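No value in this document is a laboratory result; all are computed from the given coordinates. This one's a predicted model, so the numbers in the text were calculated from it and none came from an experiment. No Cβ is skipped: glycine too gets one built from the backbone with ideal geometry, and neighbour counts run over all protein chains shown.
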Ligand SMILES: Cc1ncc(COP(=O)(O)O)c(C=O)c1O
């Protein structure tokens, strides 16, 4: 029998068996069609079973399905790195593969930590992160989400020490952001004066904190935080696992900023939602600290499916489709739809690029709306009392209008 992820089996109905994916739609064994308005946990940027990606996956499977990625390399991985190199800031030129978002984060945390050990600064044992973030479910990722994380509290006695920076939530109609932001920056300055030299890295989801509630914050605030921590030589890790690949309206959320981090973590949309794949991208400065005759300075980390050729081939094709004018137009169209359509009864409505979120008055009300959407053939998932839309880019205006109508009818 199957045990489902993130599911309380006692109160959740049995799963619906999906037999086919087709663009926006998931099609069940009974022939029911569900609009996938959350891109199946943020992964399907182009929708389901995109024929061009399916074709390269099939061809690659017949040519080279997998190979250990230590003594060997292959074209799909090299091509992917070359193609990403055209769109990722030049400072980030070293690509470390793994196979899911949590491991991309673990890799960044471990690299940051070992970097300081390797250069002889052995007392940088602390991490900083923005409160209310989500970085995955492995121990490092849970630790940096902090002890107040609603998903991970059971394990908090086992976490390593992470200091949380408050996040000033931004939404439509929010006022006095500058005041709230300056207070937080002031507190951060005081914390850094005391322990700044003991911190190895800060990790954050740039501009949108996803799985804890699709919370937005302003780029001005983020730039101030990053500039401040950089004064203490603290390394900066951007988790773009959810925000990457045009989700926020630009290729990466970091494209809204005048700063480049030391690490960026990518996964989810990277392979177009076809196969598990992840990257931790960093600079030559970090890489060089691991190059040594002393074998203890090696980065001793790897996963069996590292840089799987089929996943890399899917990612190359997905990236090519993403960069087409028609895909960018679709992203602009979704962004415009959110901007021009109202959810009058929504609390704390926020939107950026293809993402729209708001709060219902209670968790019960949020669940009620999700149920009503389901009855209308629309698949949504609440985050507490937050409801969010995160559609694949093949969504059309009718699908969007239908979803907005159902939300407005039952909110
Ligand atoms: C921002 C962010 N980081 C990391 C992860 C973890 O990714 P995965 O579920 O592939 O381990 C997620 C998953 O939702 C995420 O949204």
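With R₀ set to 56 Å, the beta-carbon distance separating residue 372 from residue 82 gives a calculated FRET efficiency near 0.75. Neighbour counts of C-beta atoms inside 10 Å place 218, 324 in the sequence 324, 218, starting with the fewest. Mean silhouette area of the stretch 140-245, derived from the convex hull of its C-alpha atoms and averaged over all directions, reads 7.3 nm².
Report the gain in length on full extension from residue 32 to residue 154: 0.36 nm times residue separation, minus Cα-Cα distance, nm rounded to one decimal. Separation in residues times 0.36 nm, less the Cα-Cα distance, equals 40.1 nm. Take each peptide in 235-245, 103-113, count the other Cβ atoms within 10 Å of every residue, and average; sorted highest first, the result is 235-245, 103-113.
In this label model, residue 3 and residue 122 are separated by 4.0 nm, measuring between points 7 Å along each Cα→Cβ vector.
The fewest-to-most ranking of 91, 348 by surrounding Cβ atoms within 10 Å reads 91, 348. Centre-to-centre, using Cα atoms only, the stretch 76-114 and the stretch 256-317 are separated by 2 Å. For the chain, adding -39500 (n - 2.57) for each run of n ≥ 4 DSSP H residues and dividing by the number of residues yields -11000 deg cm²/dmol at 222 nm. Classification of the stretch 1-47 by its C-alpha gyration tensor yields an oblate form. The axis ratio a/c (a ≥ b ≥ c) is 1.5 or more, and b/c is at least a/b. Fraction of C-alpha pairs exceeding 22 angstrom in the stretch 296-411: 48 percent, rounded to a whole number.
Using all pairs of distinct alpha-carbon atoms, the Kirkwood hydrodynamic radius of the chain works out to 22.2 angstrom. Summarising the label geometry, the points placed 7 Å from Cα in the beta-carbon direction at residue 91 and residue 293 lie 3.3 nm from one another. Is the shape of the stretch 252-308 best called rounded, prolate or oblate, per the rule: a/c under 1.5 gives rounded, else a/b larger than b/c gives prolate, else oblate, with a ≥ b ≥ c the square roots of the Cα gyration tensor eigenvalues? Here the stretch 252-308 falls in the oblate category. A viscosity of 1.002 mPa s and a temperature of 20 °C, combined with the Kirkwood radius over C-alpha pairs in the Stokes-Einstein formula, give the stretch 210-343 a diffusion coefficient of 123 µm²/s. When 304, 129 are sorted by how many other C-beta atoms sit within 10 angstrom of their C-beta, beginning with the fewest, the order is 304, 129.
Answer rounded, prolate or oblate for the stretch 216-287, using the Cα gyration tensor with square roots of eigenvalues a ≥ b ≥ c: rounded when a/c is under 1.5, else prolate when a/b is larger than b/c, else oblate. Verdict is oblate for the stretch 216-287.
Mind jotting down the distance between the C-alpha centroids of the stretch 198-243 and the stretch 126-151, whole Å? Result: 13 Å between the Cα centres.
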